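For reference, the structure is listed below as structure tokens.
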Amino acid sequence: MKIPLSLAGLLLPLSLSAQQVLIEAESFTQPGGWQLDTQFIETMGSPYLLAHGLGKPVADATTEVTFPSTGEYKLWVRTKNWVEKFADTVDAKAAPGRFQVKVGGKAVEHEFGTTSAKWHWEDGGTVSITEAKTTIALADLTGFNGRCDAILFSKDPAFVPDNSSEVLPAWRRTMLGIPEEATTEGPFDIVFVGGGYSGACGAISAARMGLKVALIQNRPVLGGNGSSEVRVWAMGNTPPGLYPVGDIVREFEDDAKASPGTYEEFEDEKKHNIVTAEKNIGLYLNHHAFKVEMESPTKIGAVVAFDTRSGAIRRFTGRTFCDATGHGTIGLMAGADHEMIDGGRMGMSNMWTWENTDSPQSFPQTPWALNLEEGDFPYPKKFHAEWFWESGYDKHPLLDLEEIRDWNHLAGFGAWNAIKNKGAYKEYDPAMQAHQNARLTWMAYVGGTRETLQLLGDIVLTEEDIVTKKPFPDGCVLTTWSIDLHYPAEQYEKKFPENPFISVAVHGKGVDRKKGYAVPYRCFYSRNIENLFMAGRNISVTHEALGTIRVMKTCGMMGVVVGKAAAICAKHNVTPREVYYQHLDELVELMRLPGNMRRASLNDPFAVDPSLPDLGEPETEWITKAQLDGIVIDDAEAKLTGNWTHGDGLKQHVENGYHYASPAAAGSDKVASARFEINVPETGDYEVRISHQPHENRSSKTAVTVISVDGEKTNPVNQRIAPPLAKGFYGLGVYRFEAGKPGAVVVSNVGADGNVHIDAVQVILQK
């Protein structure tokens, strides 16, 4: 079920002045087909309504206004011509974002959105208000991203509104009757800002630790890049082998199988329900954090946010705060040490989809979009333009954010115009109708950003750390994505070399995609703001290291760790840094708890919550030694003689793979053997097991010899059939071993009738 953008009951108060009436566009009671856009508040000062109709005018946004008196009013609308910025490249005079204002059902003659590349108050002339209660509407004329921030009516013909880009400027607050005093919420044990995987999973984790939590998100849905608004599928694994900090992520993750997928696949409602089921979480959707109050130069006292629909201001106090915004905006406002590379960043994607229908579909000509031809862009196969539609590499990732999104739209609409109206890529049309029946179905207006800046912690993780597998005692989140950096695709950058819009991913080989690399906890807190955590793509790493940690499931696990660390901060009244230096053992104990355990408060014991899913071990193609009981000796640790081949194609092997050898006759030069040495810590009887993955080309009579204090015993093992014990093991029997006197399991290829397979030996003490 789609979560609606309903603004009913959230009206902004109108000015009571006899001279001016101010209406914030986001306050319209019926938004119609207009979308609430909150991405660019820092640069232009406000949320606004966007007519994102994919070339078809959207339904009117309407609201009822009570004027203090009837008469003649000067009409002003804060808007922009969104393509004027690109006038050197496109026909900006076409002004695709045109719209009108209707007063009492009648359209004002002036068309807005035709002038200026910057946000400004556009003069709409004089209108007559004949009734105190009057309906005001925004009437989209094109379906191509008209935008309206606010409407102002003035009886003073000389009055010109202040065009300040300050967030919630004082004059607008005064006119709207918004109280100067913010409503205080809290105190909270931790305040998460940002409702993507990092913030949402972090809030869930902290709540299950028994903390009082606030989760602030400036969109109406959770998931961030992994929501239905952006539709980037969640990448990275939540592997076993360290701590079960991936449990909550697997509980929260969606069912998307592609990027972009369908609206339903991203399961906004499921994510929302999981968060709201946590009694310890105060969820504040549609709230934009725009200010930080400092208790001291190094300590945050509160984060201030406003409701993007009503303008109401809330002040969130807390012990600790977590910047999970991706952009690092809370850290920036707090004065946190940070680093932003000068250029060559990974950019923003605005993906789009299309479909073939049963009837002809028209699409308007787009002289204002990029003039693209076949060969200027990759054909959107599988009915979608995916992740590599990306730009903004050398643009400022905060100040130029709206420009980056709009350029992506110029590219997307220009490409679709080439396909629909110029006959581009007609050879790909299965119906051979030159895409006459093709229809554009979706284009993200919320951008999926990859890189902004890094907030610096006690460790700044580098590519060298990851490639050399540098160990850290506080390694806690296993990153399994390769070092994946994006660059402009040379094939498509020739036409717009200053601002290319198609990328290529360059994957490094330094990350073990199965086992992962353990990112240290010290990357998750600020080195100079004492109560600031961070989780997500703005953590303390270099640009290169960002290439592996930035994917959503990995970011979600960071949030889970932060939630657990925040519990230690609350329990012992310590800072995030002191968690590492004074309470690392306690953090490790909390990280060992599965995601379905909780406590009501810090003073209560932990218990399994039967209402939560018991996810067990994540499904993987391999098994870690840590998942197995007893002593485990992997094939990589065995002493091999002869010719053995490494493999990993048969799944559910232990650690990184297995070895196999072809059969040999006794005495031949092809004899191969593997010796798994067994050293037990105490004398006793032990069950001995050996694992293999079955295959038809394996031996049905592999000779496996157990050497114990009782002597040697050889067992024939049929490796063509699946072993009967858990996790792919075959029981060889119970044997006695003495401490200090090594035993062994030896596997030979002599006399085999197929390939001999070795994977691991498991030895379990019998009590």
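The values are calculated or read from the model by the stated rules, or taken from the named source; none is laboratory data. Being a predicted model, the structure only gives us computed values, none of them experimental. Cβ: placed from backbone, ideal geometry, glycine included. Neighbour counts: every protein chain shown.
It is to be established whether one or more residues within the stretch 635-654 are of a type in the set (Ser, Thr, Tyr) and more than 42 Å from the chain's Cα centre (by Cα). The answer is yes; a qualifying residue exists. Could you list all residues from the stretch 136-193 that are in contact with a Gly (Cβ under 6 Å, 6 or more places away or on another chain) and either polar (S, T, N, Q) or free of Cβ contacts under 8 Å to residues at least 40 places away in the same chain (or both)? ASN145, SER165, listed by residue number.
Scanning the stretch 132-148 for residues that are part of a loop (DSSP other than H, G, I, E, B), at pLDDT 95 or above and either surrounded by fewer than 12 Cβ atoms within 10 Å (Cβ to Cβ) or in the same structural domain as ALA312 (by TED's automatic domain parsing) (or both) returns no hits. Within the stretch 724-735, one or more residues are modelled with pLDDT under 95, touching a helix residue (DSSP H, G or I) at 6+ places or on another chain (Cβ under 8 Å), in the same structural domain as ASP634 (by TED's automatic domain parsing) and not aromatic (Phe, Trp, Tyr).
Do any helices (runs of 4 or more DSSP H) lying entirely in the stretch 537-632 carry at least 3 residues that are under 23 Å from the mean Cα position of the chain (by Cα), on the phi < 0 side of the Ramachandran plot and not β-branched (Val, Ile, Thr), and which ones are they? It would help to see each step written out before you state the result.
Details: elements: 543-549, 552-572, 576-591.
Passing ranges, in order: 543-549, 552-572.
Would you mind stating whether TYR525 is of a type in the set (Ser, Thr, Tyr), under 20 Å from the mean Cα position of the chain (by Cα) and under 15 Å from LEU242 (Cβ atoms)? It is false that TYR525 is of a type in the set (Ser, Thr, Tyr), under 20 Å from the mean Cα position of the chain (by Cα) and under 15 Å from LEU242 (Cβ atoms).
Considered as a group, the residues in the stretch 414-430 that are in a loop (DSSP other than H, G, I, E, B) and at negative phi include one that is modelled with the lowest pLDDT, and that residue is PRO430.
Just one of the numbered conditions (1) outside the structural domain of SER198 (by TED's automatic domain parsing); (2) polar (S, T, N, Q); (3) modelled with pLDDT of 95 or more is not true of GLN433: (3). No other residue among VAL717, VAL734 is at negative phi and touching a residue at least 40 places away in the same chain (Cβ under 8 Å) apart from VAL734.
Can you confirm whether ARG219 is of a type in the set (Lys, Arg) and outside the structural domain of GLU24 (by TED's automatic domain parsing)?
Values: of a type in the set (Lys, Arg): yes; outside the structural domain of GLU24 (by TED's automatic domain parsing): yes.
Yes.
Please state which one of ALA545, ALA535, ALA505 is aliphatic (A, V, I, L, M), closer than 21 Å to MET340 by Cα and surrounded by fewer than 21 Cβ atoms within 10 Å (Cβ to Cβ). Break it down stepwise before answering.
Details: ALA545 fails: surrounded by fewer than 21 Cβ atoms within 10 Å (Cβ to Cβ); ALA535 fails: surrounded by fewer than 21 Cβ atoms within 10 Å (Cβ to Cβ).
Among ALA545, ALA535, ALA505, only ALA505 is aliphatic (A, V, I, L, M), closer than 21 Å to MET340 by Cα and surrounded by fewer than 21 Cβ atoms within 10 Å (Cβ to Cβ).
Looking at the stretch 406-413, is at least one residue assigned to a loop (DSSP other than H, G, I, E, B), modelled with pLDDT of 95 or more and touching a strand residue (DSSP E or B) at 6+ places or on another chain (Cβ under 9 Å)? Among the residues of the stretch 406-413, not one is assigned to a loop (DSSP other than H, G, I, E, B), modelled with pLDDT of 95 or more and touching a strand residue (DSSP E or B) at 6+ places or on another chain (Cβ under 9 Å), which makes the answer no. Can you tell me which residues in the stretch 249-282 are among the basic types (Lys, Arg), in contact with a Leu (Cβ under 6 Å, 6 or more places away or on another chain) and over 20 Å from ALA444 (Cα atoms)? Within the stretch 249-282, ARG250 is the sole residue that qualifies.
Test of understanding: among ASP458, ASP376, which residue is assigned to a loop (DSSP other than H, G, I, E, B) and more than 25 Å from VAL249 (Cβ to Cβ)?
ASP376
Among the criteria (1) outside the structural domain of GLY318 (by TED's automatic domain parsing); (2) in a loop (DSSP other than H, G, I, E, B), the one VAL506 does not fulfil is (2).
The rows are residues; the columns are (1) in the same structural domain as VAL230 (by TED's automatic domain parsing); (2) farther than 30 Å from ALA385 by Cβ; (3) buried (at least 20 other Cβ atoms within 10 Å of the Cβ).
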{"residue": "ARG550", "(1), (2), (3)": "yes, no, yes"}
{"residue": "VAL560", "(1), (2), (3)": "yes, yes, yes"}
{"residue": "ARG577", "(1), (2), (3)": "yes, yes, no"}
{"residue": "HIS583", "(1), (2), (3)": "yes, yes, no"}
{"residue": "ARG592", "(1), (2), (3)": "yes, yes, no"}
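Limited to the stretch 603-626, what total is found for residues that are under 26 Å from ASP189 (Cβ atoms), out of contact with any strand residue (DSSP E or B) (no Cβ under 8 Å at 6 or more places or on another chain) and exposed (fewer than 14 other Cβ atoms within 10 Å of the Cβ)? Counting residues in the stretch 603-626 that are under 26 Å from ASP189 (Cβ atoms), out of contact with any strand residue (DSSP E or B) (no Cβ under 8 Å at 6 or more places or on another chain) and exposed (fewer than 14 other Cβ atoms within 10 Å of the Cβ) gives 6. Scanning the stretch 429-480 for residues that are touching a strand residue (DSSP E or B) at 6+ places or on another chain (Cβ under 9 Å), closer than 30 Å to THR542 by Cβ and of a type in the set (Ser, Thr, Tyr), we see that the one that is surrounded by the most Cβ atoms within 10 Å (Cβ to Cβ) is THR479.
Contact annotation: no residue pair with Cβ atoms under 6 Å, 6 or more positions apart or on different chains, pairs a residue in the stretch 555-573 that is closer than 11 Å to PHE533 by Cα with a partner that is of a type in the set (D, E, K, R) and not in a helix (DSSP H, G or I).
Applying a threshold of 6 Å to beta carbon distances and a minimum spacing of six or more residues, or different chains, the list of pairs starting in the stretch 481-498 at a residue that is assigned to a strand (DSSP E or B) and ending at one that is not hydrophobic (A, V, I, L, M, F, W, C) reads ASP484/HIS507; ASP484/GLY547; LEU485/GLY547; HIS486/SER503; PRO488/PRO500.
Residues checked against (1) closer than 22 Å to THR645 by Cα; (2) touching a strand residue (DSSP E or B) at 6+ places or on another chain (Cβ under 7 Å):
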site	(1), (2)
VAL688	no, yes
SER691	yes, yes
HIS695	yes, no
ASP753	yes, no
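Comparison of ARG527, ARG522 shows that the only residue that is assigned to a helix (DSSP H, G or I) and within 27 Å of HIS583 (Cβ to Cβ) is ARG522. Go through the stretch 647-753 and tell me which strands (runs of 3 or more DSSP E), entirely inside it, have 1 or more residues that are of a type in the set (Gly, Ala, Ser) and surrounded by fewer than 18 Cβ atoms within 10 Å (Cβ to Cβ). By residue number, 684-691, 711-717, 729-737.
Residues in the stretch 351-373 that are surrounded by 15 or more Cβ atoms within 10 Å (Cβ to Cβ), not in a loop (DSSP other than H, G, I, E, B) and not β-branched (Val, Ile, Thr): how many? Summing the residues that are surrounded by 15 or more Cβ atoms within 10 Å (Cβ to Cβ), not in a loop (DSSP other than H, G, I, E, B) and not β-branched (Val, Ile, Thr) in the stretch 351-373 gives 3.
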